[in-house]
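Report on the structure given below.
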Amino acid sequence: MLIILSVGGSILAKELKPDSFLGYAEALKELAREHEIVVVTGGGAAARDYISVARSTGANEVECDYIGIDITRLNAKLLISALGDAAYPEPPKDYKEAQDVLSSGKIIVMGGVIPGQTTDAVAAILTEYLRADLLVISTAVDGVYSADPREDPEAVKYETMTAKELVNTVMATEMKAGSKSPVDPLAAKIIERCNIETIVMEGSDPQNVLRVISEESKKSGDKKGVDLGTRIVN
């Protein structure tokens, strides 16, 4: 299978410690034994901090996006370093370059691409462009909820939902650089438009991400003991 994995910066670089990068590298190398893997890294707290300062100094939203993209690519380079020879040595800067280097047989790691797209949207577009089999969005919450569970204790988690329901749930999210939504509106619309098989899951434990993808690839239907998060169906 060709799998696109979007790893949120809040997971990979929450405190910018080597252990998180090394942990993901170990899981990715295990996955790469049986699958082709392309990873899109987010910016996390560092990106939001830089964006906040940029806004305060007069930067517009496009300029803020470019700053965020730079941070995502730095995170990509750190993950590449942790992967060593298993990774393609440079983050592709656009979708065409990602397609070109896929034939290298290496794990591909990239960050943002253009202003106006979060890394989840990049991952969704990449899934369609490369005709990948599965999109996995690894984020700070264990799926998609009816509201932000960090703010609303009565928020309900969806085990499964349609892509249209996903769009309706996230469309109210304000689309600005540094958004903390589990899935942003653009990514949700792409998932709906392109009929993309998607899993949204909590990704702080890379070994759980490994288990979820491994079990999902088997298509056995028996997922006992595996927290799949929210499955997006069409």
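The values are calculated or read from the model by the stated rules, or taken from the named source; none is laboratory data. Since we're looking at a predicted model, the values are computed, not measured. So basically every Cβ, Gly included, is an ideal-geometry build from the backbone, and we count neighbours across all protein chains shown. For accessibility, only protein heavy atoms count, side chains too; no ligands or nucleic acids. Shrake-Rupley method; radii C 1.70, N 1.55, O 1.52, S 1.80 Å.
Mind checking which residues of the stretch 21-46 are farther than 20 Å from residue 122 by Cβ and in a helix (DSSP H, G or I)? Matches in the stretch 21-46: 22, 23, 25, 26, 27, 29, 30.
Remark: pairs (first residue in the stretch 1-13, within 11 Å of residue 47 (Cβ to Cβ) and open to solvent by 10 Å² or more (accessible area, probe 1.4 Å); second residue part of a strand (DSSP E or B) and of a type outside the set (A, V, I, L, M, F, W, C); Cβ separation under 6 Å; 6+ apart in sequence or on different chains) = 8/139. Residues that are among the aliphatic types (A, V, I, L, M) and either closer than 13 Å to residue 46 by Cα or open to solvent by 10 Å² or more (accessible area, probe 1.4 Å) (or both) within the stretch 61-80 comprise 62, 67, 69, 71, 74, 78, 80, listed in sequence order.
Of all residues in the stretch 193-218, those that are surrounded by 20 or more Cβ atoms within 10 Å (Cβ to Cβ), in a helix (DSSP H, G or I) and not aliphatic (A, V, I, L, M) total 2. With respect to the conditions (1) without any contact (Cβ under 8 Å) to a residue 24 or more places away in the chain; (2) open to solvent by 20 Å² or more (accessible area, probe 1.4 Å); (3) in a loop (DSSP other than H, G, I, E, B), residue 117 lacks only one, and its number is (1). Contact map, the stretch 153-171: first residue under 18 Å from residue 195 (Cα atoms) and open to solvent by less than 70 Å² (accessible area, probe 1.4 Å), second residue of a type in the set (Asp, Glu) and not in a loop (DSSP other than H, G, I, E, B), Cβ cut-off under 6 Å, separation 6 or more or different chains; pairs are 163/192; 167/192.
Within the stretch 81-96, can you find the residues that are assigned to a helix (DSSP H, G or I) and either open to solvent by 10 Å² or more (accessible area, probe 1.4 Å) or in contact with a Ser or Thr (Cβ under 7 Å, 6 or more places away or on another chain) (or both)?
From the stretch 81-96, those assigned to a helix (DSSP H, G or I) are 81-86, 95-96; that's our starting set.
Hits for the stretch 81-96 are 81, 82, 84, 85, 86, 95, 96.
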